[in-house]
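Data first, discussion second: the structure below is written as structure tokens.
Read the figures in this text as sums done on the coordinates, not as results from a lab. Treat the numbers as computed from the prediction; the structure is a model and nothing was measured. Cβ placement follows ideal geometry from the backbone for every residue including glycine, while neighbour counts extend to all protein chains displayed.
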Amino acid sequence: MEKAQAEVRRVCKGRELGDESEIHELKYLSSVVKETLRLHPPGVFLLPRESTETCVIKGYEIPAKTRIMVNAWAIGRDPKHWDEAETFKPERFLDSPIDFKGANMNFIPFGGGRRICPGINFAISSIELPLANLLYHFDWKLPNGITPENFDKTGKFSASVRISENLQLIPISCQT
Ligand code: HEM
């Protein structure tokens with residue numbers, strides 16, 4: 001968090017943090033969002049699909065009319081595709097062409113192909129802009145002796161996944 005915060009405060013110092021032009025300069029913050037979506041895609045199994053005809057994929061025959069679920073969560077943590085797959089390491093996306101826009105099938109929090117999520121740009125700006133503002137204007141600490149290490153990060157699985165316990169944080173107003 002410190003690195004993302006330092007970047008926001010350096011890039012946006014003295015400017016209104018209100019439009020998308022600054023957001024495009026926040027490379028580390030954008031990598032933090034990507035890394036979060038890699039490890040914690042909200043739609044673990046994307047949306048269910050049904051095969052229209054029989055096909056063979058990697059030697060497995062998939063009959064027509066089979067319900068198919070794609071496990072984006074497992075793909076995002078596959079050590080065949082990701083170095084230190086279980087580690088939160090936003091740096092892996094800095095200067096990397098890997099994106100969630102459908103060209104990299106090892107990173108599909110928004111799905112892929114012609115039914116890829118059409119709300120990607122709206123979703124990303126709705127995450128990055130508020131996050132940048134929260135980091136710009138406040139410092140944050142965890143309450144009651146909770147530390148980033150012992151905070152329970154396990155997720156509650158259902159159609160979408162969310163953190164089991166609500167994340168509580170204490171904002172400390174900061175004069176930047
Ligand atoms: C972080 C936020 C979001 C995530 C992770 C997400 C993820 C997804 C995923 C995984 C799919 C299924 C794609 C597939 O199966 O290949 C999907 C579909 C869809 N999403 Fe999103 N989405 C998000 C935000 C949004 C927003 C903000 C909108 C609209 C403003 C939106 C509209 C849709 C629609 C309409 C579909 C269905 C597309 C179709 O079936 O053709 N999503 N989304």
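Among residues other than R49 with Cβ under 12 Å from its Cβ, the summed charge is +3 (Lys and Arg +1, Asp and Glu -1). Here the ratio of the Cα radius of gyration of the chain to 2.2 N^0.38 Å is 1.19.
Restricting the GluC sites (Glu not before Pro) of the range 61-126 to loop positions (DSSP other than H, G, I, E, B) with no more than 11 neighbouring Cβ atoms within 10 Å leaves E84, E86. Note on the range 1-155: lysine pairs with Cα distance below 22 Å, sequence gap of 8 or more or different chains, count 20.
Based on the convex hull around the alpha carbon atoms, the range 17-115 presents an average projected area of 7.8 nm². Between F138 and R115, full extension at 0.36 nm per residue minus the direct alpha carbon distance yields a gain of 4.5 nm.
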